[in-house]
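All of the numbers you see were taken from the coordinates with simple rules; none came from a lab. Just so it is clear, the structure is predicted and the values come from calculations on it, not from any experiment. Glycine also receives a Cβ, built like all others from the backbone with ideal geometry; neighbour counts cover every protein chain displayed.
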Amino acid sequence: MPHVRDRSRSGEESGGGSGGWQRHREGCSNASGRGNGDLTTVTKHGVSGNRETESGPAAANGPSATIDEWLLAAEYILNEGNPNVMLCERGIRTFETHTRFTLPLATVPYLQKKTHLPVIVDPSHGTGHTYLVPAMAAASVAAGCDGLIVEVHPSPETASSDGYQSLNFAQFQQMMTDCRKIAEAIGRSLG
């Protein structure tokens, strides 16, 4: 699987040979040499960051899928001709019941070593609880994620779905402030 696996195989960080993908990768990559150090945050209401192209499909891991199965799903999308794939860590099913899923952040640096694809994290679905989202978002930034997906709603208690894991605007603003501090501490910036 040359597109998804070993990023050193072709010596090309952008993979797939797409100029649009290269611009996208530079807009949301970290200080490890994969771009300009900016982190992109994706919310239900839009994207913040300096991305120059539209985002591609997010290949979210299934809660019981192995990393190899997840990468095969991404490879399928790539082989169908879409080079703009992102990997989205949303948590895995475990025996623990205090959260919806267990959010295994070790997958972030692991996938970044094994693939050229950007790795984003969804702490909203990965935990299922509003009060856990900011801490897991900050931990995701510290782990080196290329972006975040966060549920945001002006009034989570009246949301028709996912209100229990959505941040209100003030909580989102505070989370972003905290994530910026983490990003700066590890030599990155938050768009």
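Order these peptides, 116-123, 161-168, 81-88, 147-154, by their mean beta-carbon neighbour count within 10 angstrom, highest first. Could the numbers behind the result be given before it?
Numbers: 116-123: 26.9, 161-168: 17.9, 81-88: 20.0, 147-154: 22.6.
The peptides rank, most packed first, as 116-123, 147-154, 81-88, 161-168.
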Point to revise | Interchain or long-range residues, amide H under 5 Å from residue 60's placed H | key: 88
Check your understanding: For the stretch 74-90, what does the Karplus curve 6.51 cos²θ - 1.76 cosθ + 1.60, with θ = phi - 60°, yield as ³J(HN,Hα) per residue in whole Hz, taken in order and with x for Gly and Pro?
Key -> 5, 4, 4, 4, 4, 5, 7, x, 9, x, 9, 9, 10, 9, 10, 7, 10
